[in-house]
Amino acid sequence: MTPGHCLVIPKTHIQDIFELPDELTGKIMRACRDVAKLITAKLEPLGINLVNNNGAHADQTQFHLHVHIIPRYGRDRLLHPWERSYGNPQEIKKVAEVIRGERDITELGSNG
């Protein structure tokens, strides 16, 4: 994607974040941090993205957990897969209530 793009991949087969055991969660994030620090020290990017896709509908194509560490260099032509926008505060509140278990998902309607 950009010069220095790396992957952190656990040796143990784990399909996605939903199968990630607690004892490996911290180790994987520490490995991501260590690789990001090394890339920053050696390549001096302006920033770094960490990307992890879970499930085919989230663009996961390799069904083995991995985290992309992607250095960013300003106008590097790498696009975000989402469009930035501000959400409706009332809708955000309703979704938060569903996540907390205070509201049923059917009460959200078709727009989320």
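Just so it is clear, none of the values below were taken in a lab; they were calculated from the coordinates. Here the structure is a predicted model, which means the values were calculated and not measured. Reconstructed Cβ throughout: ideal geometry from the backbone, glycine too, with neighbour counts over all protein chains shown.
Structure above, values below:
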item	result
J(HN,Hα) series, segment 38-45, from Karplus relation 6.51 cos²θ - 1.76 cosθ + 1.60, nearest Hz, glycine and proline x	5, 4, 5, 5, 8, 10, 6, x
Amide H contacts under 5 Å for N49, placed H, 5+ residues apart	I70, R72
From phi via Karplus (6.51, -1.76, 1.60), per-residue ³J(HN,Hα) for segment 47-64 in Hz, x at Gly/Pro	x, 9, 9, 9, 10, 9, 9, 10, x, 4, 6, 10, 6, 6, 10, 10, 8, 9
Efficiency of FRET between S85 and K42 - r from beta-carbon atoms, R0 30 angstrom, step 0.05	0.25
24 Å Cα-Cα reach of K27 towards lysines, excluding residues that sit fewer than 8 places from it in its own chain	K11, K37, K42
Rounded to the nearest 20 debye, dipole of segment 6-76 from Cβ charges on Lys, Arg, Asp, Glu	340
Extreme residue, positive dipole direction of the chain, given options G87, T2, F63 (C-beta unit charges)	T2
222 nm mean residue ellipticity, helices alone, for the chain (DSSP H n ≥ 4; -39,500 (n - 2.57); rounded to 500)	-10000 deg cm²/dmol
Per principal axis, descending, Cα span of the chain in whole Å	50, 36, 23
